[in-house]
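The values are calculated or read from the model by the stated rules, or taken from the named source; none is laboratory data. The shown structure was predicted, so the numbers you read here are calculated from the model rather than taken from an experiment. When we count neighbours, we look across all protein chains shown, and the Cβ atoms used for this are built from the backbone with ideal geometry, even at glycine. The accessibility values were calculated without ligands, DNA or RNA, using every heavy atom of the protein model including side chains. Shrake-Rupley method; radii C 1.70, N 1.55, O 1.52, S 1.80 Å.
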Amino acid sequence: MTRISLLARRLATAAATLLAMTTAAPTATAQAATDPTAPQDFVALRTVDRTILQEMRYFTPHNFVGERVDGYRQPLCILTRPAAEALRRAQTKLLRQGYTLKVYDCYRPQRAVDHFVRWAKDLDDQAMKGEFYPKVDKTRLFADGYIAEKSGHSRGSTVDLTIVELPARPTKPYVPGQPLVPCYAPQHERFPDNSVDMGTGYDCFDTLSHTLDPRVQGEQRANRLLLKSTLEGLGFVNLAEEWWHFTYKPEPYPDTYFDFPVSAKSLTHRR
């Protein structure tokens, strides 16, 4: 091979390497730098009311997917300011009665919803069935409305929450792989949550989760109605199929599904 041919080959190799480097997938740092950010009227709930408890389930593996959900980078409740301020007013009412609110989920990025959809289509993944959907065939999750390709949470004014009696007891941490108990089992048998007894656990895929299911009576029904009446008196609307699900009305973004990550950075780097 001549010296000119060798030089040409080396130049071609260097050019190919440079091209590969410039067309490779962006690093995590580059992706983070290009993530969308929240509009100015989204806030961290803690900046509005520090007394409301937060147990952000999708940041943990204790949820129906069984792992941290895409887009949850911090255990942080983010909401539109009107929804957050309405929760503060609800908290004031409940504190006078010896209770506190506890949120499980607030704003949910579209990438998290997409994660739910991928999980629901993977019929081989049944790891959390024993707790969250014991009586529901996974092939029915879309048809029965438990999973959808869009969520009101992504609009920023929907919150999943419960009531805790004061003084609040610590919640026992979930250990992946531990035996699962159906979410509709008696409270002393199912996963220990410091919530008052609502008849089912959070995210229970069962008709017993319907807020006014006639089979739920006594103290459990009274607890659901306390949550419902307190929030509805301040502008929230309950989803009839989920005792824990409320949307503040009117929504500032009724037709927009956001995808900025759940993190403090999403609130500090505004567009």
Open item on the list: Can you tell me which condition residue 257 does not meet? The list is (1) over 27 Å from residue 73 (Cα atoms); (2) open to solvent by 60 Å² or more (accessible area, probe 1.4 Å), and all the others hold.
Closed with: (1)
Open item on the list: Testing residue 103 on (1) surrounded by fewer than 21 Cβ atoms within 10 Å (Cβ to Cβ); (2) modelled with pLDDT of 95 or more; (3) in a loop (DSSP other than H, G, I, E, B), one condition comes back false. Which one is that?
Closed with: (3)
- [ ] Go through the stretch 167-192 and give me each residue that's more than 22 Å from residue 99 (Cα to Cα), of a type outside the set (S, T, N, Q) and either in contact (Cβ under 8 Å) with a residue 40 or more places away in the chain or open to solvent by 40 Å² or more (accessible area, probe 1.4 Å) (or both).
- [x] 174, 175, 176, 177, 179, 180, 181, 182, 183, 184, 189
Task: Number of positions in the stretch 148-157 that are open to solvent by less than 10 Å² (accessible area, probe 1.4 Å) and under 18 Å from residue 70 (Cβ atoms) - done: 3
Task: Residue that is assigned to a strand (DSSP E or B), more than 17 Å from the chain's Cα centre (by Cα) and at pLDDT 95 or above, where the choices are 181, 216, 164 - done: 164
TODO: Return the total of residues in the stretch 59-81 being open to solvent by 60 Å² or more (accessible area, probe 1.4 Å) and of a type in the set (A, V, I, L, M, F, W, C).
DONE: 0
Task: Residue identified as among the small types (Gly, Ala, Ser) and under 16 Å from residue 242 (Cα atoms) among 201, 130, 156 - done: 201
- [ ] Write out, first by first residue and then by second, each pair whose Cβ atoms fall under 8 Å of each other, whose residues are 6+ apart or on separate chains, and whose first residue, in the stretch 35-46, is under 15 Å from residue 110 (Cβ atoms) while the second is assigned to a strand (DSSP E or B) and open to solvent by less than 10 Å² (accessible area, probe 1.4 Å).
- [x] 38/78; 42/78; 42/79; 42/80
